[in-house]
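> Starting off with a structure, shown below.
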Amino acid sequence: MSGNRTFTMIKPDGVAAGNIGAILHKINEAGFRIVAMKLTKLSEEKAGAFYEVHKARSFYGELVSFMSSGPIVAAILEKENAVADFRELIGATNPAEAKPGTIRALYAKSIGENAVHGSDSDENAAIEAAFHFAGTELF
Ligand code: UDP
Ligand code: MG
């Protein structure tokens with residue numbers, strides 16, 4: 001995958017709060033094109049594997065339990081400079097530190113239940129997109 005794609009999830013809190021539409025609107029408005037998308041649910045095992053990199057962190061157990069607690073929306077997004085621009089659009093991990101107008105400032109509840117995921121590098125975007133969409137047609 002080239003530098004123009006990133007991977008996102010609307011997390012269980014965002015879906016449960018009825019914010020799928022509002023969050024997708026922000027994403028489209030910011031110039032991202034959706035090239036793959038699905039409503040799905042992660043098992044504890046899959047959530048654990050997705051966040052494997054955080055295994056040693058104190059919040060790992062809570063994160064895995066939260067991310068498998070309800071449906072999520074997974075999507076691959078396309079735009080020039082996608083990874084960095086999307087991180088800018090979602091704002092800081094902790095919504096208390098997220099810039100006004102960012103998705104997390106608007107919709108996140110806490111540092112853990114923070115509405116959206118965004119890949120942190122082109123390499124991880126490719127890995128995360130394949131994790132959810134291997135074999136799926138991209139548009
Ligand atoms: N997280 C948490 N507590 C923390 C830091 C992170 O619960 O102190 C959760 C939060 O849901 C975050 C995810 O773990 O989005 C992954 O953490 P990371 O540092 O990669 O933040 P992100 O890349 O999502 O901004
Ligand atoms: Mg991260």
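Quick note: the coordinates plus some simple rules give every number you see, no bench work behind them. Source: prediction; values computed, not measured. Cβ: placed from backbone, ideal geometry, glycine included. Neighbour counts: every protein chain shown.
> Under a Cβ-Cβ cut-off of 13 Å, what is the net charge of the residues other than Ala108 that fall near it, where Lys and Arg count +1 and Asp and Glu count -1?
Result for the local shell: +2.
> Please report, largest first and rounded to whole Å, the three semi-axes of the ellipsoid equivalent to region 4-139, where each semi-axis is the square root of five times an eigenvalue of the C-alpha gyration tensor.
Each semi-axis is √(5λ); the values are 20, 18, 14 Å.
> Then there's this: By count of other Cβ within 10 Å, fewest leading, how are Ser58, Ser110, Ser68, Ser119 ordered?
Ser58, Ser110, Ser68, Ser119
> Moving on to the next point. What fraction, in whole percent, of alpha-carbon pairs in region 75-128 exceed 18 Å separation?
31 percent
> A further question follows. Contour minus end-to-end for Glu29 and Thr136, with contour as 0.36 nm per residue of separation and end-to-end as the Cα-Cα distance?
36.0 nm
> For region 5-65, what ratio Rg/Rh do Cα atoms give with a Kirkwood hydrodynamic radius?
Taking Rh as the inverse mean 1/r over Cα pairs, Rg/Rh reads 1.02.
> Okay, moving on. Ranked highest first by average number of other Cβ atoms within 10 Å, how do 99-107, 3-11 line up?
Final packing ranking: 3-11, 99-107.
> Students often check this: by mean Cβ neighbours within 10 Å, which of 84-91, 49-56 ranks highest, and how do the rest follow?
Those peptides, ordered most packed to least, come out 84-91, 49-56.
> Another question, then. Determine the relative contact order of region 37-139: mean sequence separation of Cα pairs under 8 Å and six or more apart, normalised by residue count, in whole percent.
So the answer I get is 22 percent.
> Work out how much length Ser121 to Phe59 would gain on full extension: take 0.36 nm times their residue separation and subtract the Cα-Cα distance, in nm to one decimal.
20.2 nm
> Return the single residue from Gly14, Gly112, Gly61 with maximal mean-square fluctuation; model: Gaussian network over the chain, springs between Cα atoms under 10 Å.
Gly61
> Go ahead and set up a Gaussian network model of the chain, Cα springs under 10 Å, then flag whichever of Gly31, Gly21, Gly70 fluctuates most.
Gly21
> Another one. Determine the calculated [θ] at 222 nm for the chain from helices alone, applying -39500 (n - 2.57) to every DSSP H run no shorter than 4 residues and normalising by the residue count; nearest 500 deg cm²/dmol.
It lands at -11000 deg cm²/dmol.
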